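Structure record follows, encoded as structure tokens.
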Amino acid sequence: MEMSKRVEAVLELIRKQTPLTLKQEKYCNYACVERFLKAKGDNVKRAAKQLRACLCWRESIGIEHLVADEFSAELTDGLAYVAGHDNEFRPVMIFRMKQEYHKFHSQKMFTRLLVFTMEVAVSTMPKYVQQFVMLFDASFYRSASAFMNFLLAALKITGEYYPGRLHKALIIDPPSLFPYLWKGVGAFVELSALTTVASSLDIEDDDESAESRGIRGKPGSCSSSRFAFTVSHHVDSLKPWYLSLSDTSAPSLPPPPHRTPQASFLRSPAGMLLFRRGERSRCRESLLAYWKLYRRPYDERVYRSKMRPPLIVKRRHLSLSQRF
């Protein structure tokens, strides 16, 4: 059976159960149904069942009512946002969730934030692009199990309700025990083949060694007769800059001392045994492709400018049960 006939068969099965609304008809376009079919091995009945479940889920969570004002605090802190697009124009999402966030927010609130971010990413896709990239900054987590719960929830929602959308997921600087847990749990995760664990220290050390050998100059620095503006690799990645009012005509000062590297399981002897050299090299190359977006400082105004209606329209009515 040709793909076009399979798509029509899926839509016919769904319409037999319940008539689709105008918004649901718009959502169930050819590309959408095709993604569900590919996720289910071109099985029409299974694809129709998953698509119907997805439509019910979107209605229950109130996706049509998701707007930026609901996540003002999260947008201010840059906990989840679309950083930009890769070389293939796929939107790249960055999640810098903190472990304490889950203590003060319900699972439903976290789900709404995750879905809102993915909806923003989808709205920024060019017509010929259907996938996105997810970067999970795990450096704010101390507990490997806590981060595992957050990651599994995110991948489950992505796999079930956004099939075929994920191009790659990168887990950056996870807690020390996470790789052990992931080796055991990843085999049962649908999107594990698209998920990679990486360490930012590998790339940072390469940058520092290149500078020490004099291969390249000091990136991101400029100076005038009155002040100097320098972008440093040795400070907070969210604000990698500092302003110096020192006299630039004076002899240059010695470089600031290197920061103490964070403990990384991937760099430990146990990590070396768990991840072979070839695998660690592939992880490094995967992160290197998104390194500039990952290190780019977060700007709330730039992120809000990427949003399209109805994500930036004020809510008319939203019940408490839908929000929490």
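Observations on the structure shown:
- Each peptide in 11-23, 54-66, 129-141 gets a packing score, the mean of other Cβ atoms within 10 Å over its residues, and the list from highest to lowest is 129-141, 54-66, 11-23.
- Across region 146-167, the residues whose backbone nitrogen lies under 15 Å from the label position 7 Å along the beta-carbon direction of VAL129 are 165-167.
- Phi to ³J(HN,Hα) by Karplus 6.51 cos²θ - 1.76 cosθ + 1.60 over region 43-51, Hz, x for Gly, Pro: 7, 5, 5, 5, 5, 5, 5, 5, 5
- Additional length obtainable on full extension of the chain from ARG46 to GLU12, 0.36 nm per residue less Cα span: 10.9 nm
- Distances between placed amide hydrogens fall under 5 Å for HIS85 paired with VAL92, all partners being 5 or more residues away or on another chain.
- TYR180 versus SER286: modelled label distance in nm, points set 7 Å from Cα along the beta carbon direction: 2.2 nm
- Region 6-117 shape via C-alpha gyration tensor axes, a/c threshold 1.5: prolate
- Potential extension, GLU160-SER106 segment - 0.36 nm per residue separation minus Cα distance: 17.4 nm
- Karplus-derived 3J(HN,Hα) values for region 155-166, using 6.51 cos²θ - 1.76 cosθ + 1.60 with θ = phi - 60°, are 5, 5, 5, 5, x, 7, 10, 9, x, x, 8, 7 Hz; glycine and proline are entered as x.
- Checking the cross-link pairs LYS26/LYS103; LYS98/LYS127; LYS23/LYS156; LYS23/LYS292; LYS156/LYS183 against a 28 Å limit on the alpha carbon distance flags LYS26/LYS103; LYS98/LYS127; LYS23/LYS292 as lying beyond it.
Just so you know, all these numbers are worked out from the coordinates, no wet-lab data involved. Nothing here was measured: the structure is a model prediction, and the numbers come from that model. Here the Cβ is made from the backbone with ideal geometry for all residues, glycine too, and neighbour counts use every protein chain on show.
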